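Trainee: The structure follows.
We did not get these values from a lab; they are worked out from the coordinates using the rules stated. Just so you know, these numbers come straight off a predicted model, no measurement behind them. Backbone-built Cβ (ideal geometry, glycine too); neighbour counts: all protein chains shown.
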Amino acid sequence: MSRRKPENPAFAAKGRVERGLEALRVTLGAYVERKMKKRYGGRWRQYASRAGGGRPDGDLDVYAQLKTVLDHWREIFSDDSRLRKARSYVSLAMDARNSAAHFAGRMSAREAIRYLDAMRELALAVGGGAQVKIIGSLYDEQLAEAGGERAAEPRLPGLDEPRVAGPLRPWREVCQPHPDVLSARFSDAEFAANLALVDQGVGSEEYVDPAAFFRITYATEGLTRVLTSTLERLAGKGGDPVIGLQTNFGGGKTHTMLALHHLARASEAGYRPEDLAGMARVFEAAGVGTLDRVRRAVFVGTHKGAAEAMHIEDGREIRTLWGYLAWRLGGWEALDRIADSEVARTNPGSERMIPILRGAAPCIILLDEVVAFARQLRGLEYDAFHAFIQSLTEAAAAVDGAVVVGSLPESGTEVGDEQGMHALRRLEKIFGRVQSAWMPASGIETFEIVRRRLFQPLDPAGEKVRDGTIRAFRKLYRDNPADFPAEVRERGYAEEMRRAYPLHPEILRRFSGDWSVLEKFQRTRGVLKIMADVVYSLWRGESPAPLITPAMLPFHDTKVRTALLEPLDRAFGPILQSEVDGEQAHTARIEARRPRFLKTRAATRSARSVFFATAPHAGVRRGGLTGSELRLACAQPGDQIAIFAEALEELARRSAHLYRDGDSYWYSPQPTLNKLAADRARDVSERAADARIIEVLRDEQRSRAGFPRVHAAPDNLTDIEDRRATALVILPPSAYHDAGAGAESPAVVAAHEALERRGSGQRSYRNALVFVAPDASNIDAARQNARRERAWQSILKDADLRDNLTRAQTGDAKGQAERSREALLRSIRQAWVHVLHPGPPDAGDDAPGTQRGFVIRSTRLINRGGAKGIPKVVWDKITGDGTVVAEMGPQNLARSLAPVWPADRSHVPIETIRDWFASYVYMPRLRDDATLDRALERLVKDLAEPYVFAAAFDEDTGTYDGAVEGIVRVTDGLGSGLLVRREAVPPTVREPKQGEYGSDEAHDRDETEPDETAEERTESPPTRFFANIPVEPDRAGLAVARIMDALLVELTRSPGSSVRVILDLEGHAGDNGYPNDVVEVVKANARDLKIDENTYGFEVGS
């Protein structure tokens, strides 16, 4: 017996969803009928929503039930508190129906569980009873089967949206998309929005049914004006007889025509003004109560070719526009009145058209795409067509109740060839004689049009959530005024956010501004098409965002990417996929390496925002996205605002198409120089990279921090001076430290070499050397940055290449060269982190150097971000942990001398003590002789300590000359003297002195360097330092940091010293002065920095 083949999991899931939908239909049908009857009575089915082609009097299937609930939510269903809580389940159930109806062999267990759960909750909310149990059992079955199903494939790395910190609710839970958006039918519906097809009753319900159409229509000022005027004209109360609609591609002409068409046929379809959303107000403004049956004549110039018959019936053909309009308005009888003109294809004239219009009044003639039709005509037919349009407008003006509405293009895309342009100019003159001006949607009206077409109205609870979300975003903008454009803090911006919700106004602003310059982009339909795909993708992906911002646009989605690229340069296709948003895009790879970026999707969000704002300009610099605009497009409450610029900066270093100029970024089809720089970087040898690193290290040694001397990457380590003052030796790149290699580490080997030899002899002052070496794992990063920096410098110096660069590329190369130099410096500072110094060996230690009395000790330091110079960070580390002593107390000095001062010797030369500290690695490592001299003075000053000074010892008499105690100075005379045990000098010989061997000044200044001449030390020391140092504005931060390291640290080392730093900042604008937003931001920042308002300000130049 053969085993039964297991059912495909996707088909099984679909089956359960379909059975769940049937159970839902049973319980939802009674509920919908009850609620609709309460509002509309026995005719309620006429007002219910249906799929296209559905019988108006038939029963409702589950699709029609769900759509009726969604379409009539505000006026009928939102008053039910149980259903109000389950509104999101209505949309999810609609999603389930669409997935099952358009099943293509794929439905995951996770999707089916989600659908069945939503259906169960919805059935429960409407009192489903037994049907709830049926759906519940299906849910349990699916859940049980899912336990054995392989886990779903993970989504592309980095493609999940970050969750927003705080209590803001996702837009998905608040604002429900229209069913056609949720079912991904929007594109089809939009293509069906053709006036000729709608006139024939063909298309989706949203465009064929007047009530459904006005539900998705926002009555802009221009549309309201046209509808009001048309109503007045049709009702015989004035109004304009001729209305011309002229806008750019996608400006809303066809939608206005559709609105007029449905307004005219509403009465015939059985609708009252109050049944049509927003139309009661229009009827009231026109002073019209109801509208009688209106005859309609619709002509769309692109629907049929000029050589084809416009209508054929019973063997009769109509081939002219005038014949077709006469037949539409009055049938064959009206056509017979101008039969000769139809046959001859000549203009019948206004005199013969007036009776036809008068007999059909009230009537409306809609002429769409007339230029497209006219450019197909030639010769006499072309002239007759234009003559007829003029006659028609004159006839309409003569007949009360007659309206002619024509649409004309503005853009070259719609005009086409030279014939089309000629036709447009003639038609503009004709319509211009009698037309009423029409205003297309603009500004905030566009927000309403897009929002209303894509999303269902909010209920009161949803409006509260919307207002809370807007307050949170507004707070973010107010609390960080310097980080966002000034206009977002204005009151009007809050209204824009309210009108656009759940879309961020920045999306619609960019579409109406940046994208409207594209010739192939339709300003209304193009936006709707792209955003419908965006909403569908985000809804299916369960977007947790509180608003749909530019940074959240899912460019990785195939449909979104296709719609977005359609009006753009074709070269942007691979750029979008490889650099902006995709599994293998630069952004994903950066985020994979940087968990901080991955958590917030910072790189992807930043790249999306820049691409969306700048791609329409095809790389023109003026279209760049500034830092404040970037943060506006990306940031949500709870985000770290600065992270987006950080991610974008890193992306710019790797991208082949992302340009940067100062604070502005943009994508361009023209490649940047990054690839050329990468190729040249690969050609830089390790030796050349190390040579560049050594140049930087030698620049670093200029800032010695607290070290008396610094030797950066000496050519020969044995050439380092053998002096007592502590020296920092910055080892070269080749002498890296590998802690795991022990004594074989190149840094340890190099340190041994320097400590053991000086020239051809031995080194005496081993305790005076401290080394810093690069980490073995970090040196490669420094070398790679050196290669990049060399590559960018070579590009700038390449005369042949420079002559062929655009201005943008030249600016980019300069910026990249500067950034690569800064990156090299940071990476070097972050690599040189191992401090090595000699120390005494431990008992039993057999490490190299033990036989000479020392071993190499190492410690690791941290230089966060490479912000501090190498000498500075090493000095802070070794003085902090006691590796080097800059100041020594008398007790520590006495303890240090005890092990080396023989008990049978009464005195020791001070010069010998200096040698001890510089030579013996088991003694404290002193900064310099001055450190020891100050400690000796304190030792003798303390009368509790058993030491005095003496100038000399007379071997013959056994007595000390010039023995002193108390406050003394170690000058040349005493510095070459002796430190004597007190008991060796009789009290009668010791004299308390104060300044005997030095000046009479108070003992409060630093000693001079031990190798200074006596003449220099006898001069009065300087007491004041001053400097006026100009710095480049774009490198001010780095310059100030270097000044701090090189000057301020040294100036504050002397006891009693103080330093005052005044930052003198002066800016000059061009002839136009500083704009208001700059002035406002600078003042706000100054207040935030607590700068005294009397110390800064703007002024007007003469």
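Trainee: With P(r) over Cα pairs in 20 Å bins from 0, in percent as the read-out, I listed (i) 10, 27, 26, 18, 11, 6, 2, 0; (ii) 10, 34, 37, 18, 2, 0; (iii) 12, 39, 33, 15, 2, 0; which label goes with the value calculated from this structure?
Mentor: (i)
Trainee: For an R0 of 30 angstrom, estimate the FRET efficiency from the Cβ-Cβ distance between I1062 and E487 and round to the nearest 0.05. Walk me through the intermediate numbers first.
Mentor: Working: r = 35 Å, r/R0 = 1.18.
FRET efficiency, I1062 to E487: 0.25.
Trainee: Can I ask one more? Among the lysines, select those whose C-alpha is under 16 Å from the C-alpha of K237, and discard any that sit fewer than 8 residues away in the same chain.
Mentor: none
Trainee: Report relative contact order for region 181-434 in percent, whole number only (criteria: Cα-Cα under 8 Å, sequence separation at least 6).
Mentor: On the way: 404 pairs, mean separation 59.1, N = 254.
Over region 181-434, the number comes to 23 percent.
Trainee: Also: Among T220, T346, T957, rank each residue by its count of other Cβ atoms within 10 Å, from fewest to most, as a rough exposure measure. Kindly include the intermediate steps, with their values, before the conclusion.
Mentor: Numbers: T220 22, T346 18, T957 8.
Exposure proxy ranking, most exposed first: T957, T346, T220.
Trainee: So which trypsin sites (Lys or Arg not before Pro) in region 523-606 pass both tests, a DSSP loop state and at most 11 other Cβ atoms within 10 Å of the Cβ? List each step's numbers first, then the result.
Mentor: On the way: sites: R523, R525, K529, R540, K559, R561, R570, R589, R593, R596, K599, R601, R605; in loops: R523, R570, R601.
Filter output for region 523-606: R570.
Trainee: Right, here's the next one. Estimate the FRET efficiency between T718 and E1032 by the formula 1/(1 + (r/R0)^6), using the beta-carbon distance for r and 35 Å for R0, to the nearest 0.05. Write down the numbers at each step before the final one.
Mentor: On the way: r = 40 Å, r/R0 = 1.15.
About 0.30, to the nearest 0.05.
Trainee: Let me ask something else about it. Given charges of +1 on the Cβ of Lys and Arg and -1 on the Cβ of Asp and Glu, with all other atoms neutral, how large is the dipole of the chain about its Cα centre, in debye to the nearest 20? Before the final figure, lay out each step's value.
Mentor: Details: 153 positive and 160 negative charges, 1009 e Å.
Dipole about the Cα centre, nearest 20: 4840 debye.
Trainee: Still on this structure, I have one more. How far is it, in nm, from the label point at D383 to the one at E519 when both lie 7 Å from their Cα along the line to the Cβ?
Mentor: 3.2
Trainee: Using amide H atoms built in the peptide plane, which far-off residues or other-chain residues are under 5 Å from V885 H to H?
Mentor: Close amide H contacts, sequence-distant or interchain: R925, L926, R927.
Trainee: Just in region 672-778: which GluC sites (Glu not before Pro) are loop by DSSP and have at most 14 other Cβ atoms within 10 Å? Intermediate values should be presented prior to the final figure.
Mentor: Numbers: sites: E686, E695, E700, E721, E744, E753, E756; in loops: E721.
Loop-located and lightly packed - E721.
Trainee: Out of the DSSP beta bridges found with both residues in the chain, what percent are antiparallel (nearest 5)? Kindly include the intermediate steps, with their values, before the conclusion.
Mentor: Numbers: 33 of 66 bridges.
Roughly 50 percent of the beta bridges in the chain run antiparallel, per DSSP.
Trainee: Go ahead and run the numbers for FRET between L943 and V1040, Cβ-Cβ distance against an R0 of 45 Å, rounding to 0.05. It would help to have the intermediate numbers written out before the result.
Mentor: Working: r = 48 Å, r/R0 = 1.06.
Taking R0 as 45 Å, the efficiency between L943 and V1040 is 0.40.
Trainee: Alpha carbon centre of region 662-689 versus region 200-230: separation in Å?
Mentor: Between the Cα centres of region 662-689 and region 200-230 lies a distance of 54 Å.
Trainee: Which residues among region 9-47 fall inside the zone where the amide N is under 19 Å from a point 7 Å beyond the Cα of K133, along Cα→Cβ?
Mentor: 19-28
Trainee: May I ask you to compute the full-extension gain from K304 to N804, defined as 0.36 nm times their residue separation minus their alpha-carbon distance, rounded to one decimal in nm?
Mentor: Values: separation 500, 0.36 × 500 = 180.00 nm, distance 5.14 nm.
My answer for the length gained is 174.9 nm.
Trainee: Considering amide H positions built from the backbone, and no H for Pro or chain starts, which residues 5 or more places from W832, or on another chain, come under 5 Å of its amide H?
Mentor: Hits under the 5 Å cutoff: D775.
Trainee: A further question follows. Multiply the residue separation of D961 and E744 by 0.36 nm, subtract the distance between their alpha-carbon atoms, and state the gained length in nm to one decimal.
Mentor: Details: separation 217, 0.36 × 217 = 78.12 nm, distance 5.35 nm.
Once the chain is fully extended between D961 and E744, it gains 72.8 nm.
Trainee: What list of ³J(HN,Hα) couplings, whole Hz, do you get for region 532-549 from phi and the Karplus terms 6.51, -1.76, 1.60, once you set θ to phi - 60° and write x for glycine and proline?
Mentor: So the J values, rounded to whole Hz, are 5, 5, 4, 4, 4, 5, 5, 5, 5, x, 6, 4, x, 6, x, 9, 8, 9.
Trainee: Something else about it: At a threshold of 8 angstrom on Cα-Cα distance, excluding pairs fewer than six apart, so keeping six or more, what relative contact order does the chain reach in percent?
Mentor: Across the chain, relative contact order equals 8 percent.
Trainee: Moving on to the next point. Name the trypsin sites (Lys or Arg not before Pro) in region 694-775 that are in a loop by DSSP and that have at most 14 other C-beta atoms within 10 Å, would you? Could you put the intermediate results ahead of the total?
Mentor: Numbers: sites: R698, R702, R704, R709, R723, R724, R757, R758, R763, R766; in loops: R702, R704, R723, R724, R763.
Sites meeting the loop and neighbour criteria: R702.
Trainee: Just from its helices, what would the mean residue ellipticity at 222 nm be for the chain, if runs of 4 or more DSSP H residues each count -39500 (n - 2.57) and the sum is divided by every residue, rounded to the nearest 500 deg cm²/dmol?
Mentor: On the way: 48 runs with 521 residues, N = 1102.
That comes out to -14500 deg cm²/dmol.
Trainee: Which whole-Hz couplings ³J(HN,Hα) result when phi for each residue of region 860-865 is put into the Karplus expression 6.51 cos²θ - 1.76 cosθ + 1.60, θ = phi - 60°, listed in order with x for Gly and Pro?
Mentor: 3J(HN,Hα) across region 860-865, in whole Hz: 10, 10, 10, 10, 4, x.
Trainee: Output wanted: per-residue J couplings in Hz (rounded whole) for region 740-748, from phi through Karplus 6.51 cos²θ - 1.76 cosθ + 1.60, θ = phi - 60°, x for Gly and Pro.
Mentor: So the Karplus estimates, Gly and Pro as x, are x, 8, x, 5, 7, 4, x, 5, 5 Hz.
Trainee: Describe numerically, in nm with one decimal, the distance between label points set 7 Å from Cα along Cα→Cβ at E566 and at K429.
Mentor: In this crude label model, E566 to K429 measures out at 3.6 nm.
Trainee: While we're looking at this one, here's another question. Which links in K14/K464; K38/K85; K67/K253; K67/K529; K85/K133; K67/K520 stretch past 32 Å when you go from one Cα to the other? It would help to have the intermediate numbers written out before the result.
Mentor: Working: K14/K464 37 Å; K38/K85 21 Å; K67/K253 28 Å; K67/K529 21 Å; K85/K133 20 Å; K67/K520 34 Å.
Check vs 32 Å cut-off fails for K14/K464; K67/K520.
Trainee: Sticking with the crude label model, points 7 Å out along Cα→Cβ, report the distance from Q46 to A1084 in nm, one decimal please.
Mentor: Those two pseudo-labels are separated by 5.6 nm.
Trainee: I would also like to ask the following. List every residue whose amide H lies under 5 Å from the amide H of V404, counting only residues 5 or more places away in sequence or on a different chain, with H placed 1.01 Å from N in the peptide plane.
Mentor: Distant-sequence amide H within range of V404: V242, I243, I365.
Trainee: Sort W539, W171 so the one with the fewest other Cβ atoms within 10 Å of its own Cβ comes first. Write out the running numbers ahead of the final one.
Mentor: On the way: W539 19, W171 27.
Exposure proxy ranking, most exposed first: W539, W171.
Trainee: Further question on the same structure: Please give the residues of region 623-650, grouped as numeric ranges, whose backbone N is less than 19 Å from a label point set 7 Å along the Cα-to-Cβ vector of D661.
Mentor: 623-630, 649
Trainee: I would also like to ask the following. Using the Cα atoms of region 455-672 to build a convex hull, what is its mean projected area in square nanometres? Display every interim value, and only then the final one.
Mentor: Numbers: hull surface 46.0 nm².
The Cα convex hull of region 455-672, projected and averaged over all directions, gives 11.5 nm².
Trainee: Follow-up. Taking the Cβ of each residue in V980, V208, V610, V202 as the centre, tally the other Cβ atoms inside 10 Å and list the residues starting with the fewest.
Mentor: On the way: V980 24, V208 21, V610 31, V202 14.
Least crowded to most crowded, the residues run V202, V208, V980, V610.
Trainee: How much length, in nm to one decimal, is gained on full extension between M421 and R698, taken as 0.36 nm per residue of separation minus their Cα-Cα distance?
Mentor: Working: separation 277, 0.36 × 277 = 99.72 nm, distance 7.01 nm.
Answer, rounded to one decimal: 92.7 nm.
Trainee: A further question follows. For region 740-851, count all C-alpha to C-alpha pairs, find those more than 19 Å apart, and express that count as a whole percent of the total.
Mentor: On the way: 3863 of 6216 pairs.
Looking at region 740-851, the distances longer than 19 Å represent 62 percent of pairs.
Trainee: Compute the long axis of helix 253-265 from its Cα atoms, compare it with the longest principal axis of the Cα atoms of the chain, and write down the angle in degrees, 0 to 90, nearest 10.
Mentor: With both axes taken from Cα atoms, the answer is about 40 degrees.
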